[in-house]
Amino acid sequence: MSPRYRVVLALTSLLLCTGLLGTVHRPAAKSARLAPPPTASDLYSRRALRRARTILQLKLLELREERLDFILRALERHIPIEVLLKEL
């Protein structure tokens, strides 16, 4: 065995020993408890929640209107508006 190989082996062994000793599992000082997730009322004021609800309601109404327009255009493609108005 060459002296260089012995030195490398000794250094590798030393590094492995110190690395293994450095990763010893230590118990936590305090038991980790999971906190319950915050609710929306904890994060936002009533005014902000009301504003968000109003924006969502308006967006839903807008989407409903767009859907009704889409249905109207589809019906007009199949049945001309003049025929629908004559029947009234």
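Observations
- Contacts under 9 angstrom Cβ, first residue in the stretch 43-69 being at negative phi, partner surrounded by 10 or more Cβ atoms within 10 Å (Cβ to Cβ) and aromatic (Phe, Trp, Tyr), 6 or more apart: Ala52/Tyr44
- If you go through the stretch 34-88 and keep only what is β-branched (Val, Ile, Thr) and either part of a helix (DSSP H, G or I) or in contact with a helix residue (DSSP H, G or I) (Cβ under 7 Å, 6 or more places away or on another chain) (or both), you end up with Thr54, Ile55, Ile71, Ile81, Val83.
Just so you know, all these numbers are worked out from the coordinates, no wet-lab data involved. Predicted, not measured: the structure shown is a model, and the values here were computed from it. Because the Cβ atoms are built from the backbone with ideal geometry, glycine has one as well, and the counts that use them run over all protein chains shown.
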